[in-house]
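So the structure is just underneath, and the comments pick up after that.
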C-alpha cells in the first residue's frame with residue numbers, strides 16, 4: 001500500500017525565534033552587527049542620512065544570504081559550486097598542426113615555378 005506524502009515535508013525547517021530558522025536568525029544577527037559597526041564607524045565622517053543608507057546597503061547582502069535559495073541550494077552552497085566551476089580548468093582538446101604544412105602546401109605549379117626560379121639564380125651567377 002502506497003501513501004502519498006507532500007513534497008513540502010522534505011523542505012521543512014524548524015523555527016526557533018520570531019519564526020526564523022537557525023540559519024536565517026544567524027545571518028540576520030550578522031546583518032545587524034554589520035549595520036551597527038558601519039553606523040558607529042562612519043557617523044563621525046558623513047551625515048546621518050547618508051550613514052543610514054550605507055548601513056542598509058552593507059547589511060542587505062548578509063541578511064539576504066539567510067533567506068535566498070536557488071534550485072534548492074542555499075546561497076553559500078550555490079556560491080561554492082560557482083567558484084568550483086570557475087576555478088576548475090576545463091578539458092580542452094588540442095591537436096598540434098605543423099605550421100609549415102599548414103602554410104605551404106606546394107602544388108604542381110608552385111613546384112615548377114620554384115624550379116625555374118632556382119635555375120635562373122644558378123645561371124645568373126648567384
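The values are calculated or read from the model by the stated rules, or taken from the named source; none is laboratory data. Please read all numbers here as calculations on a predicted model, not as lab measurements. Here the Cβ is made from the backbone with ideal geometry for all residues, glycine too, and neighbour counts use every protein chain on show.
For the reader, a short list of remarks on this structure follows.
- If you go through segment 16-25 and keep only what is touching a strand residue (DSSP E or B) at 6+ places or on another chain (Cβ under 7 Å) and part of a strand (DSSP E or B), you end up with just 21.
- Looking across segment 33-60, the residues that are within 32 Å of the chain's Cα centre (by Cα) and surrounded by 14 or more Cβ atoms within 10 Å (Cβ to Cβ) come down to 34, 35, 38, 39, 42, 51, 52, 54, 55, 58, 59.
- Residue within segment 45-53 that is without any contact (Cβ under 8 Å) to a residue 60 or more places away in the chain, closer than 22 Å to residue 19 by Cβ and out of contact with any helix residue (DSSP H, G or I) (no Cβ under 7 Å at 6 or more places or on another chain) present: no
- When residue 84 is tested against (1) in contact with a helix residue (DSSP H, G or I) (Cβ under 8 Å, 6 or more places away or on another chain); (2) modelled with pLDDT of 80 or more, just one condition goes unmet, and that condition is (1).
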